[in-house]
1. If you go through the range 70-92 one residue at a time, how many are without any contact (Cβ under 8 Å) to a residue 12 or more places away in the chain and over 16 Å from ALA10 (Cα atoms)?
2. Which of the residues spanning the range 105-143 are open to solvent by less than 70 Å² (accessible area, probe 1.4 Å) and either in a helix (DSSP H, G or I) or farther than 28 Å from VAL7 by Cα (or both)?
3. Considering each of ALA24, ALA71, ALA61 in turn, give the residue that is open to solvent by 30 Å² or more (accessible area, probe 1.4 Å), over 25 Å from ILE127 (Cβ atoms) and of a type in the set (Gly, Ala, Ser).
4. If I go through the range 111-133 residue by residue, how many of them are free of Cβ contacts under 8 Å to residues at least 40 places away in the same chain, of a type in the set (A, V, I, L, M) and within 28 Å of GLU29 (Cα to Cα)?
5. Could you grab the pairs with beta carbons closer than 8 Å, sequence gap of 6+ or different chains, first residue in the range 1-26 and within 18 Å of ASP63 (Cβ to Cβ) and in contact (Cβ under 8 Å) with a residue 60 or more places away in the chain, second one in a helix (DSSP H, G or I) and open to solvent by less than 50 Å² (accessible area, probe 1.4 Å)?
6. Any residue at all in the range 30-51 that is without any contact (Cβ under 8 Å) to a residue 24 or more places away in the chain, open to solvent by less than 70 Å² (accessible area, probe 1.4 Å) and assigned to a strand (DSSP E or B)?
7. Residue check, LEU140 against (1) touching a residue at least 24 places away in the same chain (Cβ under 8 Å); (2) over 30 Å from SER17 (Cα atoms), all met but one. Which one?
Amino acid sequence: MDEIGPVDYAIIAFPGSRFTGAIAPPLAELVDTGTVRIIDAAFVSRDDTGIVSGFELTELAPDVQAALATAGVEVSGLFNEEDLMATGEELEPGSSAMLLVWENIWARKVAQAVRDADGELLDFGRIPHDVVQIAREWVLANAGGEA
């Protein structure tokens, strides 16, 4: 059995529940190039009165379903009802969210090499986009170089 690469998840909120499937083409590109493999997806909404509901891919608009299917998005059941309800409670009323889990295929060899060397991942994080942008702008303004 092949070792699995690092697995990440994201919860992407859509204020006003304006989920159109526009993220599907870039996801499909990542899948098609072998960069990632989508493992699971789930959806949740919070209506204007605050009621939270989880829903399946098959309950999305047909064009959104088709776009996500093209991207390799499948529902495998990793997220349970508790996950969906907890996520939904964090949403603003009138919003929805997509929960997504993917394997970073691009990192399989590195991850396996770390395991083979008895290495341990002590920490992992992601720097928010706006923080990186602010830092780059500061460097450009103060160093006169390219960031």
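The values are calculated or read from the model by the stated rules, or taken from the named source; none is laboratory data. Since the model is a prediction, treat every value here as computed from it, not as a measurement. Cβ: placed from backbone, ideal geometry, glycine included. Neighbour counts: every protein chain shown. What goes into the accessible areas is simple: the full protein's heavy atoms, side chains included, and nothing from ligands, DNA or RNA. Shrake-Rupley method; radii C 1.70, N 1.55, O 1.52, S 1.80 Å.
1. Within the range 70-92, residues that are without any contact (Cβ under 8 Å) to a residue 12 or more places away in the chain and over 16 Å from ALA10 (Cα atoms) number 1.
2. ILE105, ALA107, ALA111, GLN112, ALA113, VAL114, VAL132, GLN133, ALA135, VAL139
3. ALA61
4. Number of matching residues: 5.
5. Final answer for the pair search is PHE19/VAL64.
6. No, the conditions are met nowhere in the range 30-51.
7. Status for LEU140: all satisfied but (1).
For every residue, the table says whether it meets (1) modelled with pLDDT under 90; (2) small (Gly, Ala, Ser); (3) touching a Gly at 6+ places or on another chain (Cβ under 6 Å).
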| position | (1), (2), (3) |
| --- | --- |
| ASP8 | no, no, no |
| VAL36 | no, no, no |
| GLY50 | no, yes, no |
| SER53 | no, yes, no |
| THR58 | yes, no, no |
| VAL64 | yes, no, yes |
| GLU74 | yes, no, no |
